[in-house]
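The values are calculated or read from the model by the stated rules, or taken from the named source; none is laboratory data. Not measured: the values here are computed from a predicted model. Heads up, the Cβs are rebuilt from the backbone with ideal geometry, glycines too, and the neighbour counts pull from every protein chain shown. Side chains included, ligands, DNA and RNA excluded: accessible areas come from the protein's heavy atoms. Shrake-Rupley method; radii C 1.70, N 1.55, O 1.52, S 1.80 Å.
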Amino acid sequence: MDLDRFKEQAKNQARENKQFLEKLRKRKPADLDQVTLDLHHEAFAHIDCLTCANCCKTTSPLLIDRDIDRLARRLKMKPSQVVETYLKVDEEGDYVFRETPCPFLMGDNYCMVYEDRPRACREYPHTDRKRFYQLLKLSYKNTLVCPAVLKVVEGLKQHYRQ
């Protein structure tokens, strides 16, 4: 899916997706984790993150101390230098990158620090996690960023509206 078409589709479906995911969160289907995991694998069989990288271009992950230490080792810097150079504290008191796109995103959409990337990047877009019902609010936000999440949510709507 081309990124412009994805953004338009995500925007057009935003209200419906938000309402659906809220109802799903309250309902908590017993098979939600397995259904979501299957849809995750199906989505990523067709979507290549390297052709998109919209997450790296538009959002910043939350960085914890371990992430900062890992990046510092990788960049041969002190953790305080990583914070000073790349990070800021957001309105919730968490470390995030100062700006987007990610400072480690290269022109070919590869990550300069891929092996040492923050945990939030490693786990993104979170559609393969257990207790997925706890991530439905975040997943709504991610439908506006990630084509794979939008595809997973479309699959969930089909599955649970039968």
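Here are the numbers for this structure:
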| quantity | calculated |
| --- | --- |
| Total residues in the range 54-80, condition over 18 Å from residue 122 (Cα atoms) and exposed (fewer than 14 other Cβ atoms within 10 Å of the Cβ) | 3 |
| Test for residue 8: is it among the charged types (D, E, K, R), open to solvent by less than 70 Å² (accessible area, probe 1.4 Å) and within 20 Å of residue 139 (Cα to Cα) | no |
| Some residue of the range 62-78 being within 30 Å of residue 23 (Cβ to Cβ) and of a type outside the set (Phe, Trp, Tyr) | yes |
| Residue list for the range 107-156, filter: within 21 Å of residue 81 (Cβ to Cβ) and either modelled with pLDDT under 95 or assigned to a loop (DSSP other than H, G, I, E, B) (or both) | 112, 113, 117, 118 |
| Breaking point among (1) surrounded by fewer than 16 Cβ atoms within 10 Å (Cβ to Cβ); (2) assigned to a helix (DSSP H, G or I); (3) not hydroxyl-bearing (Ser, Thr, Tyr), for residue 30 | (2) |
| Contacts under 8 angstrom Cβ, first residue in the range 129-141 being over 20 Å from residue 11 (Cα atoms), partner open to solvent by 100 Å² or more (accessible area, probe 1.4 Å), 6 or more apart | 133/28 |
| Candidate set from the range 112-137 (those that are among the aliphatic types (A, V, I, L, M) and surrounded by 15 or more Cβ atoms within 10 Å (Cβ to Cβ)); member that is nearest to the chain's Cα centre (by Cα) | 120 |
| Options 51, 36: the member that is among the β-branched types (Val, Ile, Thr) and open to solvent by 80 Å² or more (accessible area, probe 1.4 Å) | 51 |
